[in-house]
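First the structure, in the form of structure tokens, and then the observations on it.
The values are calculated or read from the model by the stated rules, or taken from the named source; none is laboratory data. Quick caveat, the model's predicted, so the values are computed rather than measured. Cβ sites come from the backbone with ideal geometry, for glycine too, and all protein chains shown count toward neighbours.
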Amino acid sequence: MNGGANMSVAVGASSKAAKPVDPTIYPVDEKVGENTLQRAILELLRPLIERWFQHRRVRAFVGADQFIYYVQHAPTERVAPDIYVLPGVRQGTPISVWKTWERGIVPSFGLEIVSRDWLKDYVEAPERYAAAGIPELVVFDPSPERHADRVAWQHFRRVRNRPLTCVEVSRSDRIRVPALGCYLRAIGDGESTRLRVATGPRGDELFPTAEEAAIAEKEVAIAARDAAVARVAELEAKLRKRRLRSR
């Protein structure tokens with residue numbers, strides 16, 4: 001009799017722990033024909049934003065080129081930001097795709113780098129980000145000179161209760177992004193174009209990459225060593241003078 005009772009308890013516990021199975025297939029990736037310039041920009045910028053958040057002690061996951069699904073059972077309802085930020089999510093979290101309904105977390109920011117199909121990026125990206133509920137989007141065009149209607153930057157933000165609204169269009173080399181707490185700044189041109197994190201009141205200061213920071217630290221250490229050696233030499237010279245005077 002006790003065995004039967006134990007079995008019923010176990011079955012009950014199992015049924016409570018079970019979660020509904022979602023049979024929907026949510027693809028992890030898709031061939032989109034990313035160009036080499038786009039890849040080079042992302043490889044530099046994504047870890048830079050990650051380091052910038054660590055510097056500011058901001059807990060967030062900075063990802064790139066992954067699907068964000070925002071409607072359960074609807075695998076076509078998705079965005080694939082070139083770079084995105086998940087607020088409050090630890091950076092080391094393993095993510096293949098992100099489903100906003102599972103943890104109730106929507107990206108706080110998305111970056112789109114304009115591809116060859118620039119009209120699609122200009123029109124469809126803001127619509128999809130608005131549908132996903134993402135509150136801030138920056139669209140960067142590395143080749144705005146190719147058409148009179150193209151610009152370097154488009155900045156969209158959710159204003160009050162309205163969906164994403166274009167709040168700034170700029171041909172400048174930089175744009176301030178509140179969601180990141182910094183500027184994004186374009187340097188170089190053509191295939192050498194890159195995006196950097198920039199700080200200061202007007203974005204004049206480039207936040208260093210890990211390699212640049214290591215070089216700077218080494219240079220500071222060398223300068224400190226050289227200053228110490230020079231100071232020792234100075235003191236030894238003074239000591240020699242005193243000895244000569246005392247003779």
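Surrounded by fewer than 12 Cβ atoms within 10 Å (Cβ to Cβ), in a helix (DSSP H, G or I) and under 20 Å from the mean Cα position of the chain (by Cα): which single residue out of GLU211, GLU102 fits that description? Steps first, answer last, please.
Details: GLU102 fails: under 20 Å from the mean Cα position of the chain (by Cα).
One residue alone meets the criteria, GLU211.
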Quick test of your reading of the structure: CYS182 fulfils all but one of (1) touching a helix residue (DSSP H, G or I) at 6+ places or on another chain (Cβ under 9 Å); (2) more than 21 Å from GLU136 (Cα to Cα); (3) not charged (D, E, K, R). Name the failing condition by number. (2)
State all residues of the range 29-74 that are in a helix (DSSP H, G or I), without any contact (Cβ under 8 Å) to a residue 60 or more places away in the chain and of a type in the set (Lys, Arg); if no residue qualifies, say none. ARG39, ARG46
Long-range neighbours under 6 Å by Cβ, at least six apart or interchain, first residue farther than 14 Å from ASP173 by Cβ within the range 132-146, second part of a strand (DSSP E or B) and among the polar types (S, T, N, Q): VAL139/GLN154
Whether any residue in the range 33-41 is farther than 27 Å from LEU206 by Cβ and at pLDDT below 95 is what I want to check. yes
For the range 159-183, what are the residues that are surrounded by fewer than 22 Cβ atoms within 10 Å (Cβ to Cβ), in contact (Cβ under 8 Å) with a residue 24 or more places away in the chain and more than 17 Å from the chain's Cα centre (by Cα)? PRO163, CYS166, ARG171
If we keep only residues of the range 1-32 that are hydroxyl-bearing (Ser, Thr, Tyr) and modelled with pLDDT of 65 or more, then the residue nearest to PHE61 (Cα to Cα) is TYR26
In the range 109-132, the residues that are surrounded by fewer than 21 Cβ atoms within 10 Å (Cβ to Cβ) and assigned to a loop (DSSP other than H, G, I, E, B): SER115, ARG116, ASP117
Take the range 75-88 and flag every residue that is more than 26 Å from ALA40 (Cβ to Cβ) and either β-branched (Val, Ile, Thr) or in a strand (DSSP E or B) (or both). THR76, PRO87
